[in-house]
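Chemist: Encoded as structure tokens, here's the structure I'll be asking about.
The values are calculated or read from the model by the stated rules, or taken from the named source; none is laboratory data. From a predicted model like this one, the values you see are computed outputs, not experimental measurements. Methodologically, a virtual Cβ is constructed for each residue, glycine included, from the backbone with ideal geometry; neighbour enumeration extends over all protein chains shown. Each accessible area value is taken on the protein alone, full model and side chains, heavy atoms only, with ligands, DNA and RNA left out. Shrake-Rupley method; radii C 1.70, N 1.55, O 1.52, S 1.80 Å.
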Amino acid sequence: MARSSVTLTYITIMLLCICCLAPPAMAKKNLHLTYYGFETRAGPNTTLLLAAGAGQSNISEMGFGSIFVFDNVLRTGSTNTSKVVGHNRGTAVATSVEPIFTTGGLYMTADHIFGEGSKYNGSRLTVIGTVADAYPPYTLLIPGGLGYFFGCSGYASSNPVPATPPLYVFKWDFYLKCK
Ligand SMILES: *[C@@H]1O[C@H](CO)[C@@H](O)[C@H](O)[C@H]1NC(C)=O
Ligand SMILES: *[C@@H]1O[C@H](CO)[C@@H](O)[C@H](O)[C@H]1NC(C)=O
Ligand SMILES: *[C@@H]1O[C@H](CO)[C@@H](O)[C@H](O)[C@H]1NC(C)=O
Ligand SMILES: *[C@@H]1O[C@H](CO)[C@@H](O)[C@H](O)[C@H]1NC(C)=O
């Protein structure tokens, strides 16, 4: 009896040690996550607003100085029945005199905010970089994140996938190194 209780104590101590040696932070040293951003550019449920600058009265004249604000839906897949996991919220500015979609592009900063539907609920990833020039996939810097992603940084790749306008869908890949 004494011997089995010693064995039990030993096993308990071993289990405690294993748990202490493997904190959650070690499990996420390198992460590759994929999500899809859904942007609606017209209609009552538009998620992209031309907030200021050229093109406000005629969108085909948008260009240098135009400011967009967006609140896109983030899903696990590229179809509109895929699970919603959060939002991609931010601003994009035409900071280049070169035309958007050819050489200029839009300089954007955004937060990917994970909500109820995600295992990362309450966490966020920030991206900064140029999109909407002629050369997708667009590569953006991830300076950091909060919540689960605190201590992580890396880069994101954003690639348009086929969709029917006014819906535009972007595949987001996040490549993270976490401390
Ligand atoms: C806009 O969103 C509302 C609420 O989700 C929905 O009932 C409506 O059908 C949507 N309209 C369009 C044009 O998608
Ligand atoms: C919008 O701008 C384009 C390009 O300058 C022009 O061709 C078009 O006539 C304008 N449309 C309206 C309704 O003003
Ligand atoms: C979802 O996508 C399908 C196929 O592209 C389309 O027929 C349908 O109208 C979409 N539904 C909504 C709510 O946007
Ligand atoms: C998600 O996070 C919010 C606060 O950040 C919390 O109130 C809510 O209970 C969480 N939901 C789930 C399913 O974890």
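Chemist: How big is the gap, in Å, between the Cα center of segment 150-172 and the Cα center of segment 84-126?
Modeler: Segment 150-172 and segment 84-126 have Cα centres spaced 8 Å from each other.
Chemist: Right, next: Would you please put 44-57, 163-176 in order of how densely packed they are, using the mean number of other Cβ atoms within 10 angstrom per residue and starting with the highest?
Modeler: My ranking of the peptides, most packed first, is 163-176, 44-57.
Chemist: Something else about it: I'd like to check one number: the per residue accessible area of segment 26-178, probe 1.4 Å, reported in Å² as a whole number.
Modeler: Here the per-residue accessible area is 52 Å².
Chemist: If packing is taken as the mean number of other Cβ atoms within 10 Å per residue, what is the order of 149-158, 91-100, highest first?
Modeler: 149-158, 91-100
Chemist: Taking the dipole about the Cα centre of segment 26-178, with the C-beta of Lys and Arg at +1 and of Asp and Glu at -1, give me whichever of ILE128, THR102, ILE59 is farthest to the positive side.
Modeler: Working it through, the farthest residue towards the positive pole turns out to be ILE128.
Chemist: I'd like the carbon and sulfur percentage of the solvent accessible area for segment 26-178, probe radius 1.4 Å, heavy atoms only, ligands and nucleic acids excluded.
Modeler: Reported share for carbon and sulfur atoms: 58 percent.
Chemist: Classify segment 71-179 from the C-alpha gyration tensor, please: rounded if a/c falls under 1.5, else prolate or oblate depending on whether a/b exceeds b/c.
Modeler: It is oblate, given that a/c is not under 1.5 and a/b is not larger than b/c.
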